[in-house]
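The values are calculated or read from the model by the stated rules, or taken from the named source; none is laboratory data. Note that this is a predicted model, so its numbers are computed, not measured. We place every Cβ from the backbone using ideal geometry, glycine too, and count neighbours over all the protein chains shown.
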Amino acid sequence: MNAPTPDPLIGQVIADRYHVTALVGEGGMGRVYVAEHVRMGRKSALKVMSPALKTTADAITRFNREAANASRINHPNVAAIYDFGETPDGLLYLAMEYVEGETLHALMNRGGPLPAARAAAITKGAADALHAAHHLGIIHRDL
């Protein structure tokens, strides 16, 4: 059995500011890491666009638009955006508030179906966050 290939960003410092410590997840546009700001010591979620997409103009435009739009939302159910940019070697990143917790999938795997009141509270929180985005003309296309 082969060991998984180590992620090349773990242990690296991105944009002279974010020390990458762990991989949190992966999606179509890239990966999300836990990172710590090297001067402030603040933990962040660092979304990094897939290097395979860095030559795709449409993907770069979407990533930058997502970062700019998300930075305009001020709501308790939306992770705050701290920074976004591009490194000299073309790596696009978005630094945002890191929220401790587990995914809905993990919660349901651990405890089974949610009681109706708990499911309603989670749904209401997500709907409130979406309303804040829609109020600014932002449409979330990836729920």
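For the range 7-30, the candidate set comprises residues that are at pLDDT 95 or above and assigned to a strand (DSSP E or B); within that set, the residue that is surrounded by the most Cβ atoms within 10 Å (Cβ to Cβ) is 18. Restricting attention to the range 113-141, the residues that are loosely packed, with under 10 Cβ neighbours inside 10 Å and either small (Gly, Ala, Ser) or in contact with a Cys (Cβ under 6 Å, 6 or more places away or on another chain) (or both) add up to 3. Pull up the range 89-112, narrow it to residues that are among the charged types (D, E, K, R) and farther than 16 Å from residue 46 by Cα, then point me to the one that is surrounded by the most Cβ atoms within 10 Å (Cβ to Cβ). Looking at the filtered set, the residue picked out is 102. In the range 90-111, the residues that are in contact (Cβ under 8 Å) with a residue 12 or more places away in the chain form Cβ pairs under 7 Å with partners that are part of a loop (DSSP other than H, G, I, E, B), at six or more places apart or across chains, as follows: 90/54; 92/54; 93/15; 96/79; 96/80; 97/79; 97/80; 99/79.
Selection within the range 50-88: residues that are more than 16 Å from residue 134 (Cβ to Cβ) and of a type in the set (Val, Ile, Thr). The member of this set that is surrounded by the most Cβ atoms within 10 Å (Cβ to Cβ) is 81. Residue 96 fulfils the conditions (1) assigned to a helix (DSSP H, G or I); (2) assigned by TED's automatic domain parsing to the domain that holds residue 26 except for a single criterion, (1). Restricting attention to the range 52-75, does a residue exist that is assigned to a strand (DSSP E or B) and modelled with pLDDT under 95? The answer is no; no qualifying residue exists.
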